[in-house]
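Engineer: This is the structure I want to talk about, given as structure tokens.
We did not get these values from a lab; they are worked out from the coordinates using the rules stated. A quick note: this is a predicted structure, and the numbers were derived from the prediction, not measured. In this analysis, Cβ positions are derived from the backbone assuming ideal geometry, glycine residues included, and neighbour counts consider all displayed protein chains.
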Amino acid sequence: MSMLVISELRKGFGGVQALDGVNFHIDKGEIVSVIGPNGAGKTSFFNTITGYFPPDSGLIAFNGLDIGGHRPHEITELGIARTFQNVRLFPNMTVLENVMVAQNCRTTTGVFGSLLNTPGFRREEAEIEERGKEILSFFGQRLKGYRWDQPAYVLSYANRRRLEIARAMATLPELILLDEPTAGMNPRETAEMTQLINRLRDERGLTVVVIEHEMRVVRDVSDRVVVLDHGVKIAEGDYETVSNDPDVIEAYLGRPAEAGNA
């Protein structure tokens, strides 16, 4: 059974149909890229899966449970995490605190334990701190050691991107959705992010869906590629098949000029 199954998903905003009958699935352990021109509905797709927008119709099933209409924190608790196209960190918190706070959805002692500073709360807080350090160590020297105590706002843009992924990892997800993780990065940083996406699956056992514009990244990480255009899925398959699909080429480059009209 697929981990995530989406059937005939529709979402409109006024007169704009952002998603128009999208069908999608991802199996455990896959990396699937979702691509398409600007305005294709990619981020609306993520927002609807993760509860920021309720679907107008259609099915969103995660591990067999219909999650359509669930609130974002409920979907996080079920095991889906995400990053955003525009980085959303707590800038005045330290790097470690950003990752620790993301684990609140997995805590058990509650507000009274915190207020009373019970032994159970202290023990759980120590576990959260150690888990946060372990997750940050996954990113090597970029986010470990002295970085733990730095406020997030002092990080480079690429390291803020990495920290947002670390925060998503801290919710202990099964499925992670990455919204344009290489946006704004230089070629070296993009290559490092490509390796990181593969490591999320190969070393951490995560299933990954990526929205990405950089085609070299799509080529190097994807088991399958799904193409959206104006809220409609127009192609699906391996990278070579999709990149040579006439409908995909037209969506990105426009319809070729007719003979005699050049």
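Engineer: Determine the dipole magnitude for the chain: charges of +1 sit on the beta-carbon of Lys and Arg, -1 on that of Asp and Glu, nothing else is charged, the reference point is the Cα centre, and the result goes in debye to the nearest 20.
Structural biologist: The calculated dipole for the chain is roughly 880 debye.
Engineer: Considering the dipole of the chain built from charges on the beta carbon (Lys and Arg +1, Asp and Glu -1) around the Cα centre, which of GLY36, THR207, MET185 is farthest to its positive end?
Structural biologist: Towards the positive end, the residue furthest out is MET185.
Engineer: In the chain, once you exclude exposed GluC sites (Glu not before Pro) (DSSP loop, at most 13 other Cβ within 10 angstrom), what's the longest stretch remaining?
Structural biologist: In the chain, the maximal stretch lacking such sites is 1-202.
Engineer: Helix-only mean residue ellipticity at 222 nm, the chain, DSSP H runs n ≥ 4 weighted -39,500 (n - 2.57), per residue, nearest 500. What is it? Could the numbers behind the result be given before it?
Structural biologist: Values: 10 runs with 98 residues, N = 262.
Only helices count here, giving -11000 deg cm²/dmol.
Engineer: So, one more: Find the relative contact order for the chain and round it to a whole percent, using C-alpha pairs within less than 8 Å whose residues are 6+ positions apart.
Structural biologist: Values: 456 pairs, mean separation 68.6, N = 262.
Once divided by the residue count of the chain, the mean separation gives 26 percent.
Engineer: Right, something else. If I model a spin label at LEU78 and ARG122 as a point 7 Å from the Cα along the Cα→Cβ vector, what separation in nanometres do I get?
Structural biologist: The modelled label-to-label distance comes out at 3.9 nm.
Engineer: Relative to the longest principal axis of the chain, what angle (0 to 90°, nearest 10) does the C-alpha long axis of helix 187-202 take?
Structural biologist: On a 0 to 90 degree scale, this one is about 70.
Engineer: Nearest 10 degrees is fine. How inclined is helix 157-170 to the longest principal axis of the chain, computing both from alpha carbons?
Structural biologist: So the helix axis and the longest Cα principal axis differ by about 70 degrees.
Engineer: Going Cα to Cα from LYS233, which lysines come in below 28 Å? Please leave out same-chain ones fewer than 8 positions away.
Structural biologist: By straight Cα distance, LYS233 reaches LYS11, LYS28, LYS42.
Engineer: Please report, in Å, the Rg and the Dmax of the chain, where both are computed over Cα atoms only.
Structural biologist: Using the Cα atoms of the chain, the pair Rg, Dmax is 19.8, 81 Å.
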